[in-house]
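The values are calculated or read from the model by the stated rules, or taken from the named source; none is laboratory data. Quick caveat: nothing in here was measured; it's all calculated off a predicted structure. Virtual Cβ from ideal backbone geometry, glycine too; neighbours counted across all protein chains shown.
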Amino acid sequence: MDAIFKALNDPSRRALLDALRRRDGQTLTELVETIDMTRFGVAKHLGLLEDAHLITTVKRGRFKYHYLNAVPLQELVDRWIEPMLAGPTARGLIDLKTHLEKDTAMLTQPKPDLVLHTFIRCTRDALWEALTRAEIRAGYHFAAKSVEGDLANPGDAVVMTRPDGGPMLREEVIALTPKSRIEATFEPAWMPDAPSSRTVMLLEDSPGGMKLTVEHYDLPPGSEGVNEGWSRLLSGLKTWLETGESVRFAQAG
């Protein structure tokens with residue numbers, strides 16, 4: 001928490017976060033153009049923001065892209081702000097996702113539209129089970145009434161339902177490296193006629209536990225709320241694995 005508040009206590013770093021809020025996934029060169037500061041100064045501020053986990057980065061070819069990581073801010077909101085404020089007011093503080101302008105002409109791999117990560121005090125086995133077993137996912141998912149199907153093998157599909165019993169989301173495993181990587185489709189039933197997008201979940205060892213990174217590709221227009229949804233999901237997952245408590249960080253109302 002101290003690192004987050006220290007990182008936010010600087011107008012230049014807040015300006016960089018604002019620049020990423022307006023357009024996520026920018027390079028260092030693009031960010032230098034948004035602020036009156038040397039390239040070295042911007043790089044130093046980005047390093048502090050990354051140390052505080054307020055941004056995360058992805059390298060594609062010779063480019064390094066910077067993304068807002070809303071998970072730490074979501075945890076602050078869930079801990080202190082959400083219990084005291086009405087949902088619509090709190091939502092204005094944490095809506096950090098904006099539509100991406102894609103340019104992959106010089107890339108060897110596509111750039112994700114959204115990247116989030118979190119650190120969890122748990123084993124690799126425990127994290128893998130929590131991500132792939134339906135009965136566990138149902139315990140921490142912020143919006144799903146039920147989860148049917150596991151994510152154990154390529155071709156496996158998961159179907160989630162809303163509290164009112166209607167369809168919410170379908171996922172199908174595209175590729176899988178056991179206990180390290182899951183690539184799956186993302187088919188939202190709450191957006192009529194929305195095209196399927198793609199997600200990648202990466203599991204990495206970290207001192208004291210595990211690092212989980214979520215990359216989301218091919219998000220269609222109108223998907224701004226997906227950022228917050230992932231933040232709530234990861235907060236629930238972290239709480240469940242670290243405390244054993246089933247908490248659904250659902251939106252008010």
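Worth pointing out:
- The residues of segment 13-48 that are small (Gly, Ala, Ser) and assigned to a helix (DSSP H, G or I), listed by number, are Ala15, Ala19, Gly41, Ala43, Gly47.
- Count of segment 197-239 residues which are closer than 13 Å to Cys122 by Cβ, surrounded by fewer than 15 Cβ atoms within 10 Å (Cβ to Cβ) and among the charged types (D, E, K, R): 2
- Phe119 within 19 Å of Glu242 (Cα to Cα) and aromatic (Phe, Trp, Tyr): yes
- Checked against the criteria, Glu242 counts as of a type outside the set (Ser, Thr, Tyr), surrounded by fewer than 22 Cβ atoms within 10 Å (Cβ to Cβ) and part of a helix (DSSP H, G or I).
- Odd one out for Ala130 among (1) at negative phi; (2) surrounded by fewer than 15 Cβ atoms within 10 Å (Cβ to Cβ); (3) touching a residue at least 60 places away in the same chain (Cβ under 8 Å); (4) not aromatic (Phe, Trp, Tyr): (2)
- Test: residue in segment 205-223 that is charged (D, E, K, R) and in contact with a His (Cβ under 9 Å, 6 or more places away or on another chain): yes
- Within segment 160-216, considering residues that are outside any strand (DSSP E or B) and either outside the structural domain of Ala126 (by TED's automatic domain parsing) or aliphatic (A, V, I, L, M) (or both), the one farthest from Ser235 (Cα to Cα): Ala194
- Only one of Gly222, Gly236 that is more than 15 Å from Asn69 (Cβ to Cβ), at pLDDT below 95 and either in a helix (DSSP H, G or I) or not small (Gly, Ala, Ser) (or both): Gly236
- Residue that is closer than 24 Å to Trp230 by Cβ and either more than 18 Å from the chain's Cα centre (by Cα) or loosely packed, with under 13 Cβ neighbours inside 10 Å (or both), where the choices are Arg39, Arg60: Arg60
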